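Each remark here refers to the structure printed beneath this line.
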Amino acid sequence: MTTIPPGLLPEGLSDRLPPQAEASARLARRVLDTVATHGYERVMPPLAEFEDTLTQRLKSARAQDLLRVVDPVSQRSLALRPDMTAQVGRIAATRLAAAPRPLRLSYAGPVLKLRANQLRPERERMQVGAELIGTDSVAAAVEIVNVAIEALQSAGVTGITIDFTLPDLIDALAVGPLPLDAAQTEAVRATLDAKDAGALAALGASAAAYQPLIEATGPFHAAIEKLEALSATHGGALDSRIAGLRAIAKPIGWDITLTLDPTERHGFEYQNWFGFSIFAEGFTGEIGRGGSYAILRNDGSEEAAMGFSLYPDPLIDAGFGGEAPRRLFLPIGHDPARAALMRADGWHTIAALADADDGQALRCTHWLNGPNAESY
């Protein structure tokens, strides 16, 4: 049997060392503290659940896409969570079913993917987010989008772009003003995802009628005007959605870039009328996403919800949250009371355990000289 080197980890998994581990905790805390000021209370679901329970609520994942183990106690299959949103939905539908709505919950913790992708080779990721349960109104969307922006800004992120989408738009049009059968709908959805105008035209005249949706992609104000033109040609079929998008966009600050991709579906499979992706200057791929969805109640009915999730690992790798603390070396024989006062003032103290201990080698910037902190 081949011996695994003691420092080797499975593909896609890695250690967070100082100071990045501290930066990760600090970044998550800033996001949680920000959403808490808007009334979102934290929940802490477990890392693993019964596979059946989890897959029932994970509309965008199949059982074979989850990392599974057999529980030695119950002898039932467990699945490690690939996403925390479904778990928050379970908590809202069960333990907090009688809580007043709208219910505001927040969360933070690691999630584990069975496989990585080219943009994100890591399989274990930190997920931090907030869910507003009991409504998916435009007012709820306004709150969720702006709380997500504020949370990122509190972490020092600038150059933010919000990309809006309407995940169920094709389905709504297919049964209304631009009729398609089920097979055509799936083909049109895939072609629009690829933004392939040629392939769309090749699907026939009914599919080609969706061409304006490709053109209604890009900077928000120009794209929304093209969406309005399409709506006007079909008796105002999209007017309510357009009004909703404009209401969501209106209070967002001028320093935030807004874009629109009305047919984007990848990653929004379980969301319905509204979705958004979050990007930041200098980062490849999205750093968060959110939107409206439905929670499955125990009686089989559904409850409206709205939320967002942030994936801060790329921010941590880029140095966000990594502000170096003031580290104070405490020599042998220091005054413990004075050291306690220094910690209360924000210092991180490193106490010498032997005469040979070197404060500078221990990454201290200062040392305690009597009552005073002296720099090295």
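A few points about this structure:
- Highest average packing first - 284-292, 366-374, 336-344, Cβ atoms within 10 Å: 284-292, 366-374, 336-344
- Pairwise centroid distance, computed over Cα atoms, of segment 322-369 with segment 226-301, Å: 50 Å
- Under 11 Å, Cβ to Cβ, from Glu22 - net charge with Lys/Arg +1 and Asp/Glu -1: +2
- Cα gyration tensor shape of segment 217-308, rounded if a/c is under 1.5, else prolate or oblate by comparing a/b with b/c: oblate
- Aspartates and glutamates with Cα under 13 Å of Lys113, excluding same-chain neighbours fewer than 8 positions away: Glu11, Asp65, Asp83, Glu122, Glu124
- Electrostatic tally near Arg326: other residues with Cβ closer than 14 Å to its Cβ, Lys and Arg +1, Asp and Glu -1, net -1.
- Within straight-line cross-link reach of Lys195, aspartates and glutamates at Cα separation under 12 Å, skipping those fewer than 8 residues along the same chain: Glu215, Asp261, Glu264
- Volume per residue of the C-alpha convex hull in segment 327-375, rounded to whole Å³: 63 Å³
- The overall shape of segment 10-168, judged from the alpha-carbon gyration tensor, is oblate: a/c is not under 1.5, and a/b is no greater than b/c.
- Across Asp335, Asp313, Asp65, mean-square fluctuation computed from a Gaussian network of the chain (C-alpha pairs under 10 Å connected) peaks at Asp335.
- Overall, segment 21-107 carries a charge dipole of about 260 debye about its Cα centre when +1 sits on the Cβ of Lys and Arg and -1 on the Cβ of Asp and Glu, all other atoms neutral.
Every number here is computed from the coordinates shown, using simple stated rules; none is lab data. Nothing here was measured: the structure is a model prediction, and the numbers come from that model. Counting neighbours? That spans all protein chains shown, and the Cβs are built from the backbone with ideal geometry, glycine included.
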